[in-house]
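Okay, structure first, notes after.
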Amino acid sequence: GNPKGIKGLADLANAGTVLILCAPAVPCGNYANQALTKAGVKVTPKSQEQDVNAVISKVSQGEADAGIV
């Protein structure tokens, strides 16, 4: 589901939206940071994970509203 109605990167900066990203040192985190920067979106992720599977796991378990992988 998408209870927060997230439709684009800008929605990730909405108050109350919990976001999980990969750590900046790994490719998925590096690419996510590049995309967010290019879009002019500033976010504070709840956590930064070491791989895509960890991000997917946390989102699917309801620990976050969204993740970028």
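Bear in mind that the values in this text are calculations on the coordinates, not laboratory data. Quick caveat, the model's predicted, so the values are computed rather than measured. As a convention, Cβ positions derive from the backbone with ideal geometry for all residues, glycine included, and neighbour counts pool all protein chains shown.
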Query raised in the report: What nm distance separates the two modelled labels at Asn14 and Ser60, each placed 7 Å from Cα along Cα→Cβ?
Result: 2.4 nm
Query raised in the report: Out of [x] 75; [y] 232; [z] 90, which label holds the value of volume of the Cα convex hull per residue in Å³ that was computed here?
Result: [x]
Query raised in the report: Length gain on complete extension for the stretch Val52 to Lys7, per 0.36 nm per residue less the alpha carbon to alpha carbon distance?
Result: 14.2 nm
Report task. Write out the trypsin sites (Lys or Arg not before Pro) in the chain meeting two conditions: DSSP loop, and at most 16 other Cβ atoms within 10 Å of their Cβ. Result -> Lys4, Lys7, Lys42, Lys46
Requested in this report: Could you pull out every residue, at least 5 positions away or on a different chain, whose amide H is within less than 5 Å of the one on Cys22? Hs are placed 1.01 Å off N in the peptide plane, and Pro or chain starts have none.
Outcome: Gly29, Glu49, Ile68
